[in-house]
Amino acid sequence: QVQLVESGGGLVQAGGSLRLSCLASGRTFSSLVMGWFRQAPGKEREFVGIISRSGGSYYADSVKGRFTISRDNAKNTVYLQMNSLKPEDTAIYYCAADSDYRGTATNFRNGRVHYWGQGTQVTVSS
């Protein structure tokens, strides 16, 4: 069992930056593959990025070069640093996690992830 709690969402102007945090509990954090998703109004959930147990990361083309995922295993926390934000980045952002066995890039890209946070709203104004 894993519990995930996101924080750090809010309102930011286009071109600005925001950092989201995801605190995990219920299992050894270092054993988890972590990722971020987002869902804009009227749209399906979209894969944003993934970070491996060792810190390697992979991103969707829409955010590549602007967003960075990092993790601090000592704090059981994953971060999503968002720079050069655009209005189209407006969405509810969800933290997600899975075991190393199931947490493949393919499964994450297709939303096949076992544990989800409640989401945090990010709004980018123009």
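The values are calculated or read from the model by the stated rules, or taken from the named source; none is laboratory data. Because the structure is a prediction, the values reported are computed rather than measured. Glycine gets a Cβ as well: all are built from the backbone with ideal geometry, and neighbour counts include every protein chain shown. Note: areas computed on protein heavy atoms with side chains; ligands, DNA, RNA excluded. Shrake-Rupley method; radii C 1.70, N 1.55, O 1.52, S 1.80 Å.
Can you give me the % of accessible surface on the chain that is carbon or sulfur? Probe 1.4 Å, all protein chains present, nothing else counted. Walk me through the numbers before you get to the answer.
On the way: 2930 of 6300 Å².
Its accessible area is 46 percent carbon and sulfur atoms.
Starting from the Cα coordinates of the chain, work out the convex hull volume and express it per residue in Å³.
On the way: hull volume 11.4 nm³, N = 126.
Hull volume over Cα atoms, normalised by residue count, gives 90 Å³.
To check you understand DSSP bridge types, tell me what percent of the beta bridges within the chain (both residues inside) are antiparallel, rounded to 5. Working shown, then result.
On the way: 38 of 42 bridges.
About 90 percent, rounded to the nearest 5.
Which aspartates and glutamates, on any chain, are close to K64 with Cα under 15 Å apart, when same-chain ones fewer than 8 places away are left out?
Hits, sequence-local ones excluded: E46, E88, D89.
Order the following by accessible area, largest value first: K86, K64. Probe radius 1.4 Å; ligands, DNA and RNA are ignored. All intermediate terms of the calculation are to be shown ahead of the outcome.
On the way: K86 80, K64 115 Å².
So, going from the largest accessible area down, we get K64, K86.
If r is the Cβ-Cβ distance from S25 to T104 and R0 is 30 Å, what FRET efficiency results, to the nearest 0.05?
Values: r = 23 Å, r/R0 = 0.78.
Approximately 0.80, to the nearest 0.05.
At 1.4 Å probe radius, can you tell me the per residue accessible area of segment 28-85 in Å²? Before the final figure, lay out each step's value.
Working: 2780 Å² over 58 residues.
For segment 28-85, the per-residue accessible area is 48 Å².
Report the rotationally averaged projected area of segment 32-106 based on its alpha-carbon convex hull, in square nanometres. Before the final figure, lay out the partial values.
Values: hull surface 20.6 nm².
Dividing the Cα hull surface by four gives the mean projection, 5.2 nm².
If you take all C-alpha pairs in segment 1-53, what percent of them are over 18 Å apart?
Numbers: 647 of 1378 pairs.
Result for the distance tail: 47 percent.
Remind me, relative contact order of segment 57-126 in percent, using alpha carbon pairs under 8 angstrom and six or more residues apart?
Working: 77 pairs, mean separation 21.8, N = 70.
Once divided by the residue count of segment 57-126, the mean separation gives 31 percent.
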